[in-house]
Every structure is written in structure tokens, then in C-alpha cells.
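Here's the structure, in C-alpha cells; my notes come after.
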Amino acid sequence: MTPLVNDKRVVLGIEDIPRRWYNILPDLPEPLAPPLNGQTKEPIKPEELAVIFPRALLEQEMSTERYIDIPEEVREKYIILNRPSPLQRAFNLEKALKTPAKIYFKREDLSPTGSHKTNTSVPQAYYNMKEGIERLTTETGAGQWGSALALACNMYDMQCEVYMVRISFDQKPYRRNVMETYGATVYPSPSTRTEAGRKILEKDPDTPGSLGMAISEAVEMAVKDDKTNYSLGSVLNHVMLHQTVIGEETIKQLELLDITPDYMIGCTGGGSNFAGFTFPMIGKKLKGEVDTEIIAVEPSSVPSLSAGKFEYDYGDTAGYTPLLMMYTLGHNFVPPSIHAGGLRYHGMAPTVSLLTKTGVVKPVTYNQTETFDAGVLFARTEGVIPAPESNHAIKAAIDKALEAKKNDEEKVIVFNLSGHGLLDLTGYDKYLNGKLNGNS
């Protein structure tokens, strides 16, 4: 299929699905600090993580190869996931803003589960299946990751056990229904099923939960069974790697339009959609090929990049995971009950953290109400109801478009629409009825 190229939409053919994932590690401005064993504080050895991850993913986690081949079996599944995804021009939004800027958005909302998360859930399930694993455990916030892993496990006839942050379990019942429809078992976290969950509930029976707590429970369950592994939807290098199919496609689409973006924008929770969208372009930026400004958008209530400390910290609340060098608000941080559940994580991917520390990535924050303002405007102009997480990227894109209007500059703004919000209507209901505040 010949790519369909016009100024409204760029649609690639199936043959344009990337054949390699881009690994940013060899191109980073400085070496990435190694993960540490939480007990010995020594650099962790791959075999220490083999109890919860398959060897193939551990090799990807530590790899210094710039590109890693995508298995053909995974590329075939990417077709089912509606890859390649379109790059679309937001003409109506531009018109509403009366801006000379050109705004484009990458359509990751078109996957079967409605978000970018399937880009890594499928290869993770594939590699686990190849090594004889029968069940995967995981955590999920808003439910996008849990839904994606449930679908992937179903594809490979594996069991899936999901620990869903309690506030999201209550706010987003239809996300749970999606996971269960694909065959997953879903528990509100913290739960009484695990030692970590019981300890947390003993201290605070009414806790809204956090991704750190849910990770502790999922890891604990994986450690107990040789046929069970843990699967993570963000933060780690191999997850960032798989997501780069987004950015590789985006670069090709921009080249077909013969434009170089002035800004690339993505929301950040643990960093997966942001990294997948921006890392290939950041690779070009680090080589001096482009001067694109890279903007990471996070909630003002969970500002890990903007207000966290750059230090070693656990990825979970109970301290089961290795120590990672990252921007963190502390592994005991319990975030407010915002509707962008995928952004309620205390830390940030080490790669995204390092790029922020070295000035390659610029973080900005917004409160919940102003991001929903942006999301509703986008829905009314472009017809797509965005996920609350994606609303953060939209808000930053709108601000850059208004800045271009003020300065009478024809800037090119590209953002990642990481998912749709059709299962997040509780938040929109509160917003439309004047009941939404900055933190809940």
C-alpha cells in the first residue's frame, strides 16, 4: 500500500510498520546509572531479575545496541493493533485558536484497547510465552495497561492477573470490565491477597492506593510461582524500547510531509508513551540533526520531573523492586485521586529522568481542571474524546499554539494522543457538571 499523504492526514501502509525498535541508551548524553539491588546496594545482576522477567526482555533491558529487530510474529500482531497509526492535522483546533501554528497529533487512541500500551504488552507476552511462562501479573492505574496486557495474554493463551489502583478500580468500572472480557482477573489494590497489601491496609484501611502499592502486590505474586512472571507497562528500558514504534512511524510521516516539528509533546506518568513518541526524534536531536523542543507534561499534583529528587529509589512501595536512579517523589508518596490514573506514579523512567536532568527534555505541569478544559475543546473541535492523561499533552500544545499566535509565528507542534477517553467519562461528567477540582 502506498502511503496516503496530504496535509490533513498521513496514513502509512502495513509494510511501513517498523522492523526495528530504537534503543536510546547508546545515544544518551551520559551513561545511565545501573539499577541496584535493594538489599546490597550493588549493581543488580540479570540473573537476580530472572525470577520475574524472561531472559529475552532482560537482554533488551541491558542492551547497548542502537536498534533491536522486532520479531515477525510481533509485527503481525501489530497489524491487529491498527499499526501503523495515522498522523493527523488538527485544523479545527487551529481555527478555534486562531493560530498560525500547525498542530498535528499521533493517533494512538485507535488500538483495540484505546491506548498506546499494546505496543509493549504484545511483545512482553510473546517473549514470556516463548520461555514457557503461563501467567503474568501486573499493576494498572487507569486501566489502559491492564487492558493491554489482558488482550496480549489472551492472544497467547496465557493467564493474566491485574492489581488495579483502588481509586481507579472505583472510578473506572468499565476498564475492569474490559480486562475481564479479555479473560483477566482484576483485584483492587491494595488487597488482602498479598503480604504487601495487608500491611498497607493495616496502616490505612481507606487508602486510595497507588501504582507503587499495586506494583508491590504484582511482583510478590510473581515471585511465588515459577510459571508466573511480572510484566510492567512503563519505566523500564525494554518498555520504552517497544514503544518507539510510535516515534519511528511519526518521523517517517513528518518526512513525507517534508516538515520538522518545532515542538514534540507528550504526557508523562512513568514515561512510556512519551518515550515511544519522542525518543527517535531525540536521537536525531542528540546528533544535531534537528532542533526540536521536547516537552514532557505532568500533573501539578504528581510533579516527579518538576519537583522530585533525582536519586535512587524503589519503583514500588514495599521495596521489592531494584533501586532506580530517577526523578522521584518518594516510593511512599500517595498521589491525589486525579482522573489521569496513568500519571499517578511517584517516579519517572530512568531514561526520561536523565534526559530531563541534562536539559534535553523540558517538563511542564498543569492542574486537572485546565487539562480537562483543553480536552473538551479538543473533543468539540476534532471529534475525539481524549484520555485524561492525553489532555495534559493537548493543554501544552494549545499553550504553544497561543504563544505562536502572540508572536505571529508559524510553528509546527506535534503531540501524542496516547489514548481515548470513552471509558473515562466519570471525569468528564464531573467536569461538565462543575464538580471537578484540581485534584479529584
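Stokes-Einstein diffusion for region 342-431, with the hydrodynamic radius set to the Kirkwood value over Cα pairs and evaluated at 25 °C in a medium of 0.890 mPa s, equals 170 µm²/s.
For Lys45, the aspartates and glutamates whose Cα falls under 18 Å of its own Cα, not counting residues fewer than eight places away in the same chain, are Glu59, Glu61, Asp313.
Normalised by 2.2 N^0.38 Å, where N is the number of residues, the alpha-carbon radius of gyration of region 1-41 equals 2.19. Panel order for Leu110, Leu417, Leu432, Leu87, by other beta carbons found within 10 Å of each beta carbon, from fewest to most: Leu432, Leu110, Leu87, Leu417. When only the Cβ of Lys, Arg, Asp and Glu is charged (+1, +1, -1, -1), the dipole of region 337-440 relative to its Cα centre reaches about 260 debye. Close amide-amide hydrogen proximity is noted between Met348 and Tyr327, each under 5 Å apart and 5 or more residues distant or on a separate chain (H modeled in the peptide plane; Pro and chain starts excluded). The lysines within cross-link reach of Lys98, meaning a Cα-to-Cα straight distance under 22 Å and a gap of 8 or more places when in the same chain, are Lys8, Lys106, Lys395, Lys400, Lys405, Lys406, Lys411. Using bins of 5 Å that start at zero, the share of Cα-Cα pairs per bin across region 44-195 amounts to 2, 9, 15, 16, 17, 15, 11, 8, 4, 2, 1, 0, in whole %. A protection proxy built from the mean count of other Cβ atoms within 10 Å ranks the segments 340-347, 27-34, most packed first, as 340-347, 27-34. Our summary gives the chain a relative contact order of 20 percent, counting only alpha carbon pairs under 8 angstrom and 6 or more residues apart.
For a footprinting-style exposure proxy, rank Asp16, Asp258 by other Cβ within 10 Å, fewest first.
Details: Asp16 17, Asp258 7.
Fewest to most other Cβ atoms nearby, the residues stand as Asp258, Asp16.
Out of all DSSP beta bridges with both ends in the chain, state the antiparallel percent to the nearest 5. The partial results should precede the final answer.
Working: 21 of 55 bridges.
Expressed as a percentage, antiparallel bridges in the chain total about 40.
Taking Cα atoms only, the orientation of helix 388-407 departs from the longest principal axis of the chain by about 30 degrees. Here is the short version for the chain: Cys267 have no other Cys C-beta closer than 4.7 Å.
Once you keep just the Cα pairs under 8 angstrom separated by 6 or more residues, what percentage relative contact order results for region 1-126?
Values: 134 pairs, mean separation 34.4, N = 126.
Relative contact order for region 1-126 comes out at 27 percent.
Rounded to the nearest angstrom and listed largest first, the equivalent-ellipsoid semi-axes of region 279-318 from its Cα gyration tensor are 28, 14, 9. 3J(HN,Hα) couplings calculated from phi for region 155-172 with the Karplus curve 6.51 cos²θ - 1.76 cosθ + 1.60 (θ = phi - 60°) are, in sequence order, 4, 10, 6, 10, 7, 9, 10, 10, 9, 9, 3, 4, 5, 6, 4, 7, 6, 10 Hz; Gly and Pro show x.
Between region 34-63 and region 203-269, how many Å separate their Cα centres? Centre-to-centre (Cα) distance: 18 Å.
Against the chain, whose longest principal axis is taken from its Cα atoms, helix 272-286 shows a tilt of about 60°. Sum -39500 (n - 2.57) across every DSSP H segment of at least 4 residues in the chain, then divide by the residue count to get the 222 nm mean residue ellipticity, nearest 500. Rounded to the nearest 500, the figure is -12000 deg cm²/dmol. The three principal axes of the Cα atoms in the chain give end-to-end lengths of 59, 49, 40 Å, sorted in falling order. Between region 379-402 and region 125-140, what is the C-alpha centre distance in whole Å? Measuring centre to centre over Cα atoms gives 34 Å. Working note: Karplus 6.51/-1.76/1.60 with θ = phi - 60° gives region 319-328 the couplings x, 7, 7, x, 7, 10, 7, 7, 6, 8 Hz, where Gly and Pro are set to x. Close amide H partners of Ile52, meaning residues 5 or more places away or on another chain with modelled amide H under 5 Å apart, do not exist here.
No lab work stands behind these numbers, since they all come straight from the coordinates. Quick caveat, the model's predicted, so the values are computed rather than measured. Reconstructed Cβ throughout: ideal geometry from the backbone, glycine too, with neighbour counts over all protein chains shown.
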